[in-house]
Amino acid sequence: MSEEKKWYALYTRPRWEKKVNDLLTRKGMEAYCPLNRVRRRWTDRTKIVQVPLFTSYVFVNITEEEKGEVRFTDGVVNFVCWERKPAIIRNEEIELIKKFLRDYEDVEVRPLSLTEGQRVRIRTGVMMNKEGVVVQIKNNRAVVVIESLGYELAAQFEKRNLEPV
């Protein structure tokens, strides 16, 4: 029985995204380095060049057994982890990135910013899809109040697990 493949994000050495993508592909793995078409101007000409959309990130679709081989590929620093395990990227998210880059050029990637008082939805975990209000932001965590049964439950969440409503 063949094991199911899953998408993972990899950290790469700086400016090694295309090289890592090529090395993984040569090993027979499905790798994806999203490339952004950007217009660059020099003194004598303007040209459209392809630059990695996510700095130091490459995505790879592999089985559990292939993780070791990926880890020992030149230029790979490590898997992007979530709760001390390599984070699994949903296929729909990879397809959305591909479609977005097909339809648009000069795409800008910005981190999600949260502000106190902002209404958010929790994306993962036991409280998944519950809504609440950000009451405090500390480093990489946000304290969110969740109103339920007439009580306010305050909990800390990683900011990346919250999305604006």
- Item | the stretch 6-103, relative contact order [Cα under 8 Å, separation at least 6], % | 42
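Based on the Kirkwood radius over alpha-carbon pairs, what is the Stokes-Einstein translational diffusion coefficient of the chain at 10 °C with 1.306 mPa s viscosity, in µm²/s? Kindly include the intermediate steps, with their values, before the conclusion.
Details: Rh = 18.3 Å.
After rounding, the answer is 87 µm²/s.
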- Message: For a test of understanding, tell me how many lysine pairs in the chain have Cα atoms under 20 Å apart, given they are 8 or more places apart or on different chains.
- Response: 22
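What is the chain's relative contact order, in percent, from Cα pairs under 8 angstrom and six or more apart in sequence?
Working: 282 pairs, mean separation 34.5, N = 165.
Worked out over the chain, it gives 21 percent.
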- Query: Helix-derived [θ] at 222 nm for the chain: sum -39500 (n - 2.57) over DSSP H runs of at least 4, divide by residue count, nearest 500?
  - Reply: -5000 deg cm²/dmol
- Item | Helix 17-26 axis, angle to the chain major axis (alpha carbon atoms, nearest 10°) | 70
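From the Cα trace of the stretch 6-103, what convex hull volume per residue do you get, rounded to a whole Å³?
Working: hull volume 10.8 nm³, N = 98.
Dividing the Cα hull volume of the stretch 6-103 by its residue count gives 110 Å³.
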- Query: What is the dipole size for the chain, taken about its Cα centre, with +1 at each Lys and Arg Cβ and -1 at each Asp and Glu Cβ, in debye to the nearest 20?
  - Reply: 700
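How would you rank Phe79, Phe59, Phe100, Phe72, going from fewest to most other Cβ atoms within 10 Å of each one's own Cβ?
In order of increasing Cβ crowding within 10 Å: Phe72, Phe100, Phe79, Phe59.
Every read-out reported here was derived from the displayed coordinates using simple, explicitly stated rules and does not represent laboratory data. These figures come from a predicted structure and were not determined experimentally. Note that each Cβ is placed from the backbone with ideal geometry, even for glycine, and that neighbours are counted across all protein chains shown.
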